[in-house]
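S.K.: Structure incoming, see below.
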Amino acid sequence: MKTCRQAMPGVLLVAAISALAYALTGLDAAVRYGVGSLTLAIVIGALLGNAVPQLGGGAFRHGLSLAQRYFLRAGVALFGFNLSLQQIIEIGAAGVLVDVVMVVSTLAMGWFLGRRVLNMHRDTVLLVAAGSAICGAAAVVATVPVLGLKRGEDAEKTALAVASVVLFGTLAMFVYPLIYAWLGAAHFDFGIYVGSTVHEVAQVVAIGTALGEEVGYNAVIAKMIRVMLLVPFLLIVATLVARRIRREAAQTGVAEPVVLRQPITLPWFALCFIAIAGLNSLAVLPEPLVAALRLTGILLLTTAMAALGIDTNIRRMGQAGLRPLLLGAGLFAHLILTGGLVNWLMH
């Protein structure tokens, strides 16, 4: 009860921001430009947190930490209700292969550009690359826990990555209809092209809706399969981060042998994501219950983004300069050009 009382002010604060962000997604402008509740929540949270710095501490601190840790993980796990084996079968082997190639190539390109060309911090590079390669802001917030970032670092790096995703995902809303008007559907399945290369799920839905029912349907399925690739990505990142920590500890000689022998811990929420997607494939739960669980997952992720937004220091974000945006621009060009080539070859 004491813990609940301590968490209540912060939880109520981010819940209110989450509700506002979710309500704003129903506006025509939000639908037209594919702006999701996660993006709106971190923007509103950042504006409030910088205008009233006291919201990031004091009585609100316990609830903010709770949302950033547990609400975030639970939301990622429940996101599995958006996926099913039937979707994978429907899009076919070629569509799945396109998604895999684009995710892997975008992550590789992001690492090369971010680390070798722009000399950015590895965690920021991973977050921007994950958001571009997989599923936008949802991938960013899902990757944060496995990186083991310190308080403050997680909010700033998350905000930088989300800003990149929002900017170029919004730009995609204008670019892809122009590409469709130029190329049409003769060269490849344009729906799979959209789903395998556009950042956010909401942006994919908005573009697909504008281009027609068939394009929109295939785009959403391709995007959902791409979202599923978040799980192996998180497992690989968790393994690499754990190995790096153990290697650094061994080199400094400060860790006990017992610590060095500890097994690599896989993120439980990623494993729950797989299990829930499998359960969803069986179609044993009533559709109203599944819809409610999907909504719960989105609201939990939105609440976590609001908490991260409150902890975001815009002044310190500005010190990062243009490099995150340059990385996002490079990955955006890669998604459009390489994505078009891969879809054409697979077609």
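The values are calculated or read from the model by the stated rules, or taken from the named source; none is laboratory data. These numbers were taken from a predicted model, which means no experiment stands behind them. Every residue, glycine as well, gets a Cβ built from its backbone with ideal geometry; the counts of neighbours run over all protein chains shown. Side chains included, ligands, DNA and RNA excluded: accessible areas come from the protein's heavy atoms. Shrake-Rupley method; radii C 1.70, N 1.55, O 1.52, S 1.80 Å.
S.K.: Residues 325, 289: which one is open to solvent by 40 Å² or more (accessible area, probe 1.4 Å) and within 21 Å of residue 39 (Cα to Cα)?
M.R.: 325 is the lone residue from the list that is open to solvent by 40 Å² or more (accessible area, probe 1.4 Å) and within 21 Å of residue 39 (Cα to Cα).
S.K.: Every residue in region 5-32 that is under 25 Å from residue 131 (Cβ atoms) and loosely packed, with under 15 Cβ neighbours inside 10 Å, please.
M.R.: Answer for region 5-32, where residues must be under 25 Å from residue 131 (Cβ atoms) and loosely packed, with under 15 Cβ neighbours inside 10 Å: 23, 26, 27, 29, 31, 32.
S.K.: Also, I was wondering about something else. So which pairs qualify, if the first residue must be in region 320-347 and farther than 22 Å from residue 157 by Cα and in contact (Cβ under 8 Å) with a residue 40 or more places away in the chain, the second must be aromatic (Phe, Trp, Tyr) and in a helix (DSSP H, G or I), the Cβ gap must be under 8 Å, and the two must be at least 6 apart or on different chains?
M.R.: 339/193; 340/193; 343/193
S.K.: Sticking with this one: Select the helices (runs of 4 or more DSSP H) contained entirely in region 168-250, then report the ones holding at least 3 residues which are open to solvent by 10 Å² or more (accessible area, probe 1.4 Å).
M.R.: 201-211, 213-228
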